[in-house]
1. When you scan segment A:42-80, how many residues do you find that are surrounded by 15 or more Cβ atoms within 10 Å (Cβ to Cβ), within 7 Å of another protein chain (Cβ to nearest Cβ) and of a type in the set (V, I, T)?
2. Would you please name the residue that is nearest to B:E85 (Cα to Cα), looking only at residues in segment B:22-41 that are facing chain A (nearest Cβ under 7 Å) and crowded, with 23+ Cβ neighbours inside 10 Å?
3. At least 2 residues that are in contact with a helix residue (DSSP H, G or I) (Cβ under 7 Å, 6 or more places away or on another chain) and closer than 18 Å to B:L114 by Cα in each: list the strands (runs of 3 or more DSSP E) lying fully within segment A:93-196 that qualify.
4. Restricting attention to segment A:161-176, does a residue exist that is over 29 Å from B:V148 (Cβ atoms) and open to solvent by 30 Å² or more (accessible area, probe 1.4 Å)?
5. Regarding segment A:124-136, can at least one residue be identified that is in contact (Cβ under 8 Å) with a residue 60 or more places away in the chain and farther than 24 Å from B:F152 by Cα?
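The values are calculated or read from the model by the stated rules, or taken from the named source; none is laboratory data. Since this is a predicted model, take the numbers as computed values, not measurements. So basically every Cβ, Gly included, is an ideal-geometry build from the backbone, and we count neighbours across all protein chains shown. Side chains are part of the model used for accessible areas, which takes the heavy atoms of the whole protein and leaves out ligands, DNA and RNA. Shrake-Rupley method; radii C 1.70, N 1.55, O 1.52, S 1.80 Å.
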2 protein chains.
Amino acid sequence: MNNSAATTTQYDANAKSNSVNGVDVDQINHVIESITADTSFGQFQFRARNRWVNGGLNRSQIKEFHAGGREDGTRSKPFTLDADEPQLVAGNDSAPNSMEYVLHALVSCMTGTLVYHAAVRDIAITSVSSHIEGDMDVRGLLGMADDVRKGFNHVRVTMRVDSDADAETLTELALYSPVYDIVSKSLPVEFSLEKI
Amino acid sequence: MNNSAATTTQYDANAKSNSVNGVDVDQINHVIESITADTSFGQFQFRARNRWVNGGLNRSQIKEFHAGGREDGTRSKPFTLDADEPQLVAGNDSAPNSMEYVLHALVSCMTGTLVYHAAVRDIAITSVSSHIEGDMDVRGLLGMADDVRKGFNHVRVTMRVDSDADAETLTELALYSPVYDIVSKSLPVEFSLEKI
């Protein structure tokens with residue numbers, strides 16, 4: 001994917017179909033070419049708004065984002081995501097909790113990244129199925145032990161992929177995942193709280 | 001929350017209600033006491049299974065988890081979460097993408113953590129509303145620039161809280177968030193891929 005012109009030529013030559021793994025490769029190459037011409041095309045910003053409902057329940061609305069040099073105009077309505085807590089920790093268990101959303105974000109990102117990178121390289125993927133688990137010692141969250149971290153202390157992802165490509169190549173493609181980067185590496189979060 | 005006995009006494013003495021901010025504080029104190037008696041009670045594990053559907057669409061199922069020294073037996077059916085991509089990047093935009101799930105995980109966790117920690121300290125919260133945004137330069141994800149990180153390079157959270165407590169205290173409580181810990185600090189992810 002480092003040479004977008006060559007990649008484009010490869011797929012333009014395949015006149016029968018520009019879709020690999022259900023991914024429109026021409027469209028991805030269009031994005032790559034646009035970024036090559038103007039890096040601001042590749043500056044994306046995603047956003048969410050959240051409102052606390054009651055107890056363990058809160059709700060995010062997700063709609064606007066910036067990508068391809070402009071504010072998105074294709075989404076007509078927001079996605080709504082609830083977060084709640086299981087009964088053991090005084091929630092109503094009406095939705096996954098935030099830790100489970102992290103796991104979904106990570107495994108969905110590694111899957112999508114694998115499928116897209118494979119598509120651009122013309123590697124057919126037949127199936128991908130994964131299991132992910134995260135361990136935490138909740139003494140950190142509860143403030144019961146300063147030497148225990150608050151979040152997961154261990155995350156394991158196992159992925160089964162049906163493809164002709166070898167496991168090493170497939171692993172390399174999955175590890176382009178942005179959420180893998182976010183979770184595995186440090187990322188300063190700016191936080192400002194206004195009391196009203 | 002470091003002295004669970006004292007906290008419990010405080011809330012046992014309030015016979016009218018054990019609920020603050022809609023959180024059953026007696027239940028949270030029961031969890032704290034159980035962990036104090038046996039740290040294995042506080043070893044939690046959350047999990048998800050994911051299956052690629054087609055193109056940018058994949059789907060997680062979330063049900064089983066380990067908490068309080070046992071496998072959970074309260075959830076009768078799984079939560080299902082889809083991830084998809086916007087049209088610009090060749091998706092059908094049927095669901096939020098993985099980056100947006102990270103933002104939801106982070107803001108929902110900071111909100112829930114604030115509300116729970118406030119409840120245990122008998123701090124009433126009237127409302128919490130937040131905005132979160134994450135910037136990324138997709139050249140990292142696309143393999144177009146080695147010096148550009150793949151995930152967000154910047155995340156900003158702004159939170160408005162209606163409460164009698166001061167902003168400094170409220171900020172301190174929100175920063176107990178496990179997902180804030182995961183995103184802001186590094187966390188090695190074990191990844192194994194099996195080709196079938």
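1. 1
2. B:V23
3. Hits in segment A:93-196: A:189-195.
4. yes
5. The answer is yes, given that some residue of segment A:124-136 is in contact (Cβ under 8 Å) with a residue 60 or more places away in the chain and farther than 24 Å from B:F152 by Cα.
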